[in-house]
Amino acid sequence: MSDCLFCKIIAGEIPSSKVYEDDVCFAFNDIAPQAPTHFLVIPKAHIGSVSEVSADNSAVVAHIFEVIAKLAKEKGMESYRVVSNIGEQAGQSVFHLHFHVLSGRDMTWPPG
Ligand code: AMP
């Protein structure tokens, strides 16, 4: 999608701190980290949010979770949180599906 920030990051039009890339997904460090480790994993295909996941594209989400587990193991992350905000009230600010992966500090539950 031409006016999507994360599509531009995938295309290399906006610089990012890349963590991982394959044919399906791209991972990069969050520009405003909320934990010592905070990266985002996003599909290369534009999907607006979890609310647009369906039988047609859910294999992409399954793949992303495989990648999250692999990256966490590689980075020695024993405890971490995966978050996806859906809609403005929940805190979504970029409308391209993304999973925050946060680790390295104590976290509270429920979230604020
Ligand atoms: P959300 O608010 O859940 O939609 O998450 C969007 C995330 O994207 C926020 O944590 C931002 O800090 C992050 N973000 C925005 N612009 C960039 C960028 N250029 N590079 C890396 N992360 C970004």
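Of the residues screened, residue 104 is not one that is on the phi > 0 side of the Ramachandran plot, within 15 Å of the ligand (Cβ to nearest atom) and either at pLDDT below 95 or surrounded by fewer than 16 Cβ atoms within 10 Å (Cβ to Cβ) (or both). Do we find a residue being within 16 Å of residue 6 (Cα to Cα) and either of a type in the set (Gly, Ala, Ser) or not in a loop (DSSP other than H, G, I, E, B) (or both) anywhere in region 62-71? Looking for residues that are within 16 Å of residue 6 (Cα to Cα) and either of a type in the set (Gly, Ala, Ser) or not in a loop (DSSP other than H, G, I, E, B) (or both), one finds at least one in region 62-71, hence yes. The requirement of being in a helix (DSSP H, G or I) and surrounded by 11 or more Cβ atoms within 10 Å (Cβ to Cβ) is fulfilled somewhere in region 37-50, by at least one residue. Within region 86-98, can one find any residue that is surrounded by 15 or more Cβ atoms within 10 Å (Cβ to Cβ), free of Cβ contacts under 8 Å to residues at least 40 places away in the same chain and either over 12 Å from the mean Cα position of the chain (by Cα) or under 16 Å from residue 29 (Cβ atoms) (or both)? Yes, region 86-98 contains at least one residue that is surrounded by 15 or more Cβ atoms within 10 Å (Cβ to Cβ), free of Cβ contacts under 8 Å to residues at least 40 places away in the same chain and either over 12 Å from the mean Cα position of the chain (by Cα) or under 16 Å from residue 29 (Cβ atoms) (or both). Checking each residue in region 2-18 for being more than 11 Å from the ligand (Cβ to nearest atom) and either buried (at least 17 other Cβ atoms within 10 Å of the Cβ) or aliphatic (A, V, I, L, M) (or both) picks out 7, 10, 11. Of the numbered criteria (1) crowded, with 18+ Cβ neighbours inside 10 Å; (2) away from the ligand (no atom under 11 Å from the Cβ), the one residue 53 fails is (1). Residue check: is residue 44 within 13 Å of the chain's Cα centre (by Cα), within 18 Å of residue 64 (Cα to Cα), basic (Lys, Arg) and within 11 Å of the ligand (Cβ to nearest atom)? Considered against the rule, which asks whether it is within 13 Å of the chain's Cα centre (by Cα), within 18 Å of residue 64 (Cα to Cα), basic (Lys, Arg) and within 11 Å of the ligand (Cβ to nearest atom), residue 44 comes out as no. The selection criterion, being in a helix (DSSP H, G or I), surrounded by fewer than 14 Cβ atoms within 10 Å (Cβ to Cβ) and modelled with pLDDT of 95 or more, holds for residue 59.
Of all residues in region 67-85, those satisfying the criterion of being over 25 Å from residue 110 (Cα atoms) and surrounded by 12 or more Cβ atoms within 10 Å (Cβ to Cβ) are 67, 71, 75. Among the numbered conditions (1) part of a helix (DSSP H, G or I); (2) touching a residue at least 24 places away in the same chain (Cβ under 8 Å), the only one that residue 81 does not meet is (1).
The values are calculated or read from the model by the stated rules, or taken from the named source; none is laboratory data. This structure is a prediction, so every number in the text was calculated from the model and none was measured. Please note: Cβ atoms are built from the backbone with ideal geometry, for glycine as well, and neighbour counts cover all protein chains shown.
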